[in-house]
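Structure below; questions to follow.
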């Protein structure tokens with residue numbers, strides 16, 4: 001017997017189902033719940049569990065009905081979903097729930113995958129960024145390590161590129177300070193730092209301890225172009241003293257026995273980083289071209305959910321950096337608008353990849369899934385079986401498998417299909433585990 005009274009398309013990728021639960025099922029659940037309340041109830045004049053059912057119905061009617069709805073609505077939504085072979089993208093929005101005697105009806109709004117045939121996966125124009133470091137890259141990385149380990153020493157000469165300058169800076173209007181404080185706190189900055197105002201870098205270059213200077217900075221505001229004036233007084237100039245590139249530095253940098261070992265480790269680290277960046281650039285290009293080939297009208301609730309997920313990630317990241325979000329004023333509406341285009345790209349990519357996975361028969365072997373579960377378990381210090389149980393209970397096991405399928409499809413699109421004898425399962429597991437933590441295949445295709 002069908003439980004779906006009607007089903008109709010009511011919007012982009014959205015269906016509305018009118019569902020009616022069979023009366024015998026409602027009757028049985030009502031009686032079972034009444035008996036449960038009767039066993040637990042202690043009413044004046046009656047021993048526990050002995051109160052008349054009619055009294056239990058009158059006293060606990062609202063609670064009984066709520067319990068019945070809580071159990072029957074999800075159960076019969078799932079039956080309706082299976083009956084109509086729907087694959088919803090999100091849990092349904094349930095409305096118009098009505099329970100009259102033993103007749104229970106409700107409406108479910110659900111978004112489903114759009115119908116699209118993703119047939120053409122080749123012919124992509126993919127970038128070929130450098131994937132192996134040259135000796136200049138290695139030397140720059142080692143020089144960066146030396147700068148990080150270096151110390152600052154005062155000099156009597158004028159400041160130059162790479163020097164650290166400590167100065168007191170005030171904003172002025174018509175040559176007068178706009179700061180009410182008597183004297184500003186000194187600030188230190190490195191000339192040439194890309195995070196520093198270029199105007200300040202230029203003005204401080206060539207200044208020595210005790211000298212003063214001025215500079216102007218133009219900024220664009222909602223009111224238009226704004227010019228600001230500053231003056232500063234240099235208190236000290238320091239240059240960075242770099243440690244010698246020798247065995248002692250190699251041991252301090254990572255307990256390496258020699259400079260050659262340090263250089264090899266730096267080269268290997270750079271190569272791994274460049275390969276990841278190469279993969280990311282190629283994935284982004286492939287997904288953009290896939291979206292261009294197969295435009296879609298996106299399910300709005302799924303996009304909204306993605307925006308909310310991204311906003312939570314942003315807030316979590318800010319909190320990790322020490323920002324107190326409760327004390328920080330955030331224009332959430334503006335943030336959501338800023339995040340929406342990227343959310344749309346992610347949802348669009350995910351829908352196309354999932355359609356292509358199904359249409360091109362992309363599979364993941366059980367052994368591959370087990371290896372990924374084992375890798376997650378090793379990272380968490382638990383067994384693969386425990387990881388499987390946890391993900392299965394939360395509904396994330398199927399998500400993980402889907403994510404692996406998307407990655408396998410992307411490998412094919414990028415011409416990087418993996419062979420069993422070419423790469424270890426742990427390498428792939430590491431990539432998928434990293435993606436699982438951020439719930440995304442790459443910047444454009446989240447799981």
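May I ask you to sort 76, 37 by Cβ crowding, counting other Cβ atoms within 10 Å and putting the fewest first?
Result, fewest neighbours first: 37, 76.
Can you sort 258, 229, 218 from fewest to most other Cβ atoms within 10 Å of each residue's own Cβ?
Going from sparsest to densest Cβ surroundings: 218, 258, 229.
Here's a follow-up. Could you state the angle between the C-alpha long axis of helix 135-149 and the longest principal axis of the C-alpha atoms of the chain, as a value from 0 to 90 degrees rounded to the nearest 10?
Taking the Cα atoms of the chain, the angle to 135-149 is about 90 degrees.
Testing the spin-label approximation: label points 7 Å from Cα along Cα→Cβ at residue 272 and residue 205. State their distance in nm.
For residue 272 paired with residue 205, the spin-label model returns 3.8 nm.
Please work out how much length the chain gains when fully extended from residue 251 to residue 95, using 0.36 nm per residue of separation minus the C-alpha to C-alpha distance, in nm with one decimal.
49.5 nm
Classify region 151-241 from the C-alpha gyration tensor, please: rounded if a/c falls under 1.5, else prolate or oblate depending on whether a/b exceeds b/c.
prolate
Could you list 354, 101 in order of exposure, starting from the residue whose Cβ has the fewest other Cβ atoms within 10 Å?
Listing 354, 101 from fewest to most nearby Cβ atoms yields 101, 354.
For residue 78, put the label point 7 Å out on the Cα→Cβ axis and report which residues of region 1-21 keep their amide N under 18 Å from it.
3-4, 19-21, by backbone N distance to the label point.
Hey, another quick one. Applying 1/(1 + (r/R0)^6) with R0 = 56 Å to the Cβ-Cβ distance of residue 149 and residue 385, what FRET efficiency is obtained, to the nearest 0.05?
Once the sixth-power term is evaluated, E becomes 0.80.
Using label points projected 7 Å from each Cα along Cα→Cβ, tell me how many nm separate residue 120 and residue 318, to one decimal.
Between residue 120 and residue 318, the simple spin-label model gives 4.3 nm.
Return the calculated 222 nm mean residue ellipticity for the chain, to the nearest 500 deg cm²/dmol, obtained by summing -39500 (n - 2.57) across DSSP H runs with n ≥ 4 and dividing by the residue count.
For the chain, the value works out to -16500 deg cm²/dmol.
Rounded to the nearest 0.05, what FRET efficiency is calculated for residue 66 and residue 221 with R0 set to 51 Å and r the Cβ-Cβ distance?
Computed FRET efficiency for residue 66 and residue 221 comes out at 0.40.
If I model a spin label as a point 7 Å beyond the Cα along the Cα-Cβ vector, how far apart are those points for residue 359 and residue 85 in nm?
Distance between the two pseudo-spin positions: 1.8 nm.
For residue 244 and residue 131, what does the FRET efficiency come to when R0 = 35 Å and r is the distance between their Cβ atoms, rounded to the nearest 0.05?
After rounding, the FRET efficiency stands at 0.65.
Specify the residue with the greatest mean-square fluctuation among 99, 245, 200, computed from a Gaussian network of the chain linking alpha-carbon atoms under 10 Å apart.
Comparing 99, 245, 200 in the GNM, the peak value goes to 200.
Bear in mind that the values in this text are calculations on the coordinates, not laboratory data. None of these values were measured; they are calculated from a predicted model. For neighbour counting, all protein chains shown are included, and Cβ atoms are generated from backbone atoms with ideal geometry for every residue, glycine included.
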